[in-house]
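The values are calculated or read from the model by the stated rules, or taken from the named source; none is laboratory data. Just so it is clear, the structure is predicted and the values come from calculations on it, not from any experiment. Glycine gets a Cβ as well: all are built from the backbone with ideal geometry, and neighbour counts include every protein chain shown. To get the accessible areas, we keep the full protein, side chains included, count just its heavy atoms, and leave off ligands, DNA and RNA. Shrake-Rupley method; radii C 1.70, N 1.55, O 1.52, S 1.80 Å.
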Amino acid sequence: MTYRVTLIPGDGIGPEVTSAARVVAEATGVSIDWEIAEAGEKAIHDQGTPLPESVLDSIRKNQLALKGPITTPIGSGFRSVNVALRQQLDLYASIRPARAIAGEGTRFPETDLVVVREATEGLYSGVEHWVDRDHTAAETINIITRKASDRVIRFAFEYARKNRRRRVTAVHKANIMKMTGGLFQTAFREMAAKYPDIPSDERLIDNMCMQLAKKPEEYDTIVTTNLFGDILSDLCAGLAGGLGVAPGALYGENLAVFEPVHGSAPKYAGDDKADPVAEILCLELLLRHIGETEAAERVFRAVWETIAEKKVVTYDLALPGYTQHPVAPSSCSAMAKEIARKVPLIDLHKPLPRPPGAGHAHDRHLEG
Ligand code: NAD
């Protein structure tokens, strides 16, 4: 069987990291026919718009996309392509797993979190205006609906059940934002009652940040509104090892788009320097989504072994601050080739070595 997948190379380091993911995909033996769809700066240059209708049509038709990051032009009149894509395809659930890999790059090697973020409304609804003519005051409207809250919260519980997660925590600020936060809180409590097999609880956003910084291993699956989810997923990515290793997925009805948490890092564009791991782990999530579980597991383990071995890793994984034993950094393409080389050699029966201090969370995740 051949899967047809829309590939959006994106801007900045996007073309390099998506090429890296394709090299690894090839090594899995899963047959993928990539349909290239340009969005972002190249599309503005060639077609006068950052998000041509043909890109949306390609994703709707294939129901699957692997996406590189896209630059948000500042002050050009174009709104964020990423926000527009989510809204136009109604990609309502953004899933960002934050797993510490091989105990590297983190003070918390047991970190194994998943942030489920509502991705179509909230403070990112794009409804803003100046309050006065002199532009001394502005308002951004926070739109929270019961429908969008229900579906993302249901998604979080279904995800937790399917992936054998331990618990679902809702994050909000219902004590201050009594209507918007309160609506999300009520939706969560009513949905939680329908999933009595999955433990659930709630945290206020400020307390959640403090708790995650102190003891991330105590948390598991977090469901929250758009802005809080955006911030928390970067925090969790940092706890697990940094933006270079943080993948993400966006789900709608019968659609899934896989994209890293990181942006287009324009300062590294064309340098063959960026870490390809986040985009390669997006490929892993895509393979799991289409039921190619063995190929997905091979990709994850090849990434794990490459990072653990630390012979061929990019600058962010090689330098002091990330690792206790710095090494000479390799290029993005060299690291991708090394991961691809390992993919067919992976022994799936061999348990992964545990990072120091890692608990049961790692075993559970790797089974799932
Ligand atoms: P960024 O994530 O692009 O980069 C921040 C820093 O993180 C970089 O300077 C670099 O040091 C590091 N970094 C990020 N990805 C890396 C990688 N793969 N390997 C090694 N280091 C990496 O964030 P930014 O600078 O705030 O945003 C740049 C552009 O990307 C903006 O236009 C922003 O709007 C856009 N963006 C797009 C997406 C998306 O497409 N989903 C997400 C976030 C930001």
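Each Lys and Arg adds +1 at its Cβ and each Asp and Glu adds -1 at its Cβ; summed about the Cα centre, the range 123-226 shows a dipole of about 580 debye. Each residue, residue 334 and residue 57, gets one label point 7 Å from its Cα in the Cβ direction; the gap between the two is 4.4 nm.
In the range 123-226, taking the dipole from charged Cβ atoms about the Cα centre, the farthest positive-side position among 175, 126, 138 is held by 175.
Remark: the chain carries 43 Å² of accessible area per residue (probe radius 1.4 Å; ligands, DNA and RNA excluded). The slack in the chain from residue 271 to residue 154, taken as 0.36 nm per residue of separation less the alpha-carbon distance, amounts to 37.9 nm.
Kirkwood hydrodynamic radius, the chain, all distinct C-alpha pairs: what's the number in Å? Hydrodynamic radius (Kirkwood, Cα pairs) of the chain is 21.0 Å. Of the complete DSSP H runs in the chain, those spanning 15 angstrom or more by Cα along the long axis with a mean Kyte-Doolittle score not below 0.5 are 226-240, 277-289.
Based on C-alpha pairs under 8 angstrom that are at least 6 apart in sequence, the chain has a relative contact order of 23 percent. Across the range 123-226, the relative contact order, built from alpha-carbon pairs under 8 Å that are at least six residues apart, equals 31 percent. Amide H contacts for residue 64 (H built 1.01 Å from N in the peptide plane; partners 5 or more residues away or on another chain; cut-off under 5 Å): 6, 256.
Dividing the summed -39500 (n - 2.57) terms of all DSSP H runs of n ≥ 4 by the residue count of the chain sets its mean residue ellipticity at 222 nm at -12500 deg cm²/dmol. Taken about its Cα centre, the chain carries a charge dipole of roughly 880 debye when the Cβ of each Lys and Arg holds +1 and the Cβ of each Asp and Glu holds -1. Taking a ≥ b ≥ c as the square roots of the eigenvalues of the Cα gyration tensor, the range 80-131 is prolate, since a/c reaches 1.5 or more and a/b is larger than b/c. Counting only lysines at least 8 places from residue 214 when in the same chain, those with an alpha carbon closer than 24 Å to its own are 173. Using 0.36 nm per residue and subtracting the Cα-Cα separation, the extra length available between residue 176 and residue 140 on full extension is 11.3 nm.
Of all lysines in the structure, those lying under 25 Å Cα to Cα from residue 178, and not within fewer than 8 positions of it along the same chain, are 147, 194.
Taking 16 Å as the straight-line reach from the Cα of residue 67, the lysines in range (excluding those fewer than 8 positions away in the same chain) are 42.
With the cut-off at 1.5 for a/c, could you classify the range 33-185 from its C-alpha gyration tensor as rounded, prolate or oblate? Taking the square roots of the gyration eigenvalues as a ≥ b ≥ c, the range 33-185 is oblate. In terms of its Cα atoms, the range 123-226 spans 54, 33, 22 Å along the principal axes, sorted from long to short.
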